[in-house]
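Input: a single structure, listed below in structure tokens.
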Amino acid sequence: MNTLCIIGGRVLRPDCRVEPADVVVDRDSGNVADVGENAAADYDADETLDAEGCVVMPGLVNAHTHVAMTLLRGYADDKPLGSWLREDIWPAEAALEADDVRAGTELGIVEMIRSGTTAFADMYFEVPKVVAAVEESGVRARLGHGVVTVAKDDEDAAADVEESLSVAREFDGAADGRVRTAFMPHSLTTVGEDFLREATATAREDGIPLHFHANETTDEVSPIVDDYEKRPLSYADDLGMLTEDDFVAHGVHVDTEEIELLAARGTSVVHCPASNMKLASGIAPVQEMLDAGVNVGIGTDGAASNNDLDVFDELRDAAMLGKLGADDASAVPAEAAVTAATAGSADAIGLPGGRIKTGAPADIAVVDFDAAHLAPAHDVVSHLAYAVRGSDVRHTVCDGQVLMEDGAVLTLDEKRVVEEARERADALAERAG
Ligand SMILES: CSC[C@H]1O[C@@H](n2cnc3c(O)ncnc32)[C@H](O)[C@@H]1O
Ligand SMILES: [Zn+2]
């Protein structure tokens, strides 16, 4: 067996216990071969990572993002969702070139590898470029082309739907299986009813899951209630859009019946607290969803509404905002937030990962606890939720491959990626006027 041994750290186990242990990785399969105190002593390691003074945890999973929007970080701020999209973001995206998406995706992946994220779900354009960036960088992803049919003639709208279905078919399983795909209608108000119904039926026949924005703002809820006299998730359910393979982003304005519906269907919700705060969209009832048995993951949304892709930052926001929303300091406790950003997110997007155990994929973040802001460490899980920053990550491993060692990203040329993204972002802003 070709082994990578992560030696001398404390390991976060799936039940949130933290114990001194080595993690032995079978690099041929990409899976964890053994976890235990001094486990590495039984193996002849081909490669080692030092985890002394560190916590070895599952790689974080960013379950909803638009990674290439790193190019639009800081491009437009301080507006609510509707006007932000219509006045600033969509006009800029109309000027995007395919290689902008490649550059912005690479930049976002560098940021995610640096902060311990090993998998993400992405809804955007130019999916082949996103696939290429995922393949080269070594991370995992659930990818899809985002469909918008409103304000398009029927031919253009149908072509957009077809593109989303065809990229989902073409790229599923790419990058040695690290890429999976989904049909991704943008939202229930930006894609017409007939398109949603027909494309969902086609996706079901082909075994393709769905991912879409839902109940993000009150402006998205009222038109559906007005037109159909039902809540948005009931509308989505009637169109066949809620199954256990599907996951919705946001779920801010969901009522109790919609929460019960999500739980009954097994559909996951990806909570995006920073984006919800920045766009003043509202506070998602995360504790209520967890209590009802809904699987909740964590996402950053795009870097233009966040403004970073650091999932540690996001899970801290989730724990904080969850308490504020529930008016209860015991809501969304540390364990729940850490679990949502690892196992919850991985399950939401239907990718393996989120747990360190024998046989599981070796998707791992090694977090250095030797920092002033992490001293003392009374409770490791508390620190992971409330005190650790993405910049505390020392090593990142995905599918058994070391993507970052001692703070150096190995799979992408970080300097080249940052320079190219800066140049492309400037040229994009120029073209967008
Ligand atoms: C059609 S590809 C995805 C589309 O979504 C836009 N977007 C970015 N952030 C949000 C958000 O919070 N809610 C809804 N839509 C969002 C992005 O700019 C792309 O156009
Ligand atoms: Zn989004």
Projected onto their principal axes, the Cα atoms of the range 390-431 stretch, largest extent first, over whole-Å spans of 41, 20, 15
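What's the exposure ranking of 181, 117, going from fewest to most Cβ atoms within 10 Å? Walk me through the numbers on the way to the answer.
Numbers: 181 25, 117 32.
Fewest to most other Cβ atoms nearby, the residues stand as 181, 117.
What order do you get for 382-389, 198-205 when each peptide is scored by the mean count of other beta carbon atoms within 10 Å, highest first?
Numbers: 382-389: 21.0, 198-205: 17.0.
So the order, starting with the most tightly packed, is 382-389, 198-205.
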Once every Cα of the chain carries one equal point scatterer and solvent is ignored, give the base-10 log of I(q)/I(0) from the Debye formula at q = 0.10, 0.12 Å⁻¹, two decimals.
-0.65, -0.94
Please report the antiparallel percentage of DSSP beta bridges with both residues in the chain, rounded to the nearest 5.
45
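In deg cm²/dmol, rounded to 500, what helix-only [θ] at 222 nm does the chain give when every DSSP H run of at least 4 residues adds -39500 (n - 2.57) and the total is split over its residues?
Working: 15 runs with 158 residues, N = 433.
One gets -11000 deg cm²/dmol as the mean residue ellipticity at 222 nm.
Beta carbons within 10 angstrom, averaged per residue: use that to sort the peptides 153-159, 135-141, highest first.
Those peptides, ordered most packed to least, come out 135-141, 153-159.
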Taking neighbour Cβ counts within 10 Å as the exposure measure, how do 216, 244, 93, 414 sort from fewest upward?
244, 414, 93, 216
Considering amide H positions built from the backbone, and no H for Pro or chain starts, which residues 5 or more places from residue 48, or on another chain, come under 5 Å of its amide H?
5
Diffing the range 201-207: the Karplus 3J(HN,Hα) column from phi (6.51, -1.76, 1.60, θ = phi - 60°), in whole Hz with x for Gly and Pro, holds 4, 5, 4, 4, 4, 8, x
Across the range 133-141, in residue order, what do the Karplus-derived ³J(HN,Hα) couplings come to in whole Hz, using 6.51 cos²θ - 1.76 cosθ + 1.60 with θ = phi - 60° and x for Gly and Pro?
5, 5, 4, 5, 7, x, 7, 10, 7
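Readers should treat all values here as calculations from the given coordinates under stated rules, not as data from a laboratory. Because the structure is predicted, anything quoted here is derived from the model rather than measured. We place every Cβ from the backbone using ideal geometry, glycine too, and count neighbours over all the protein chains shown.
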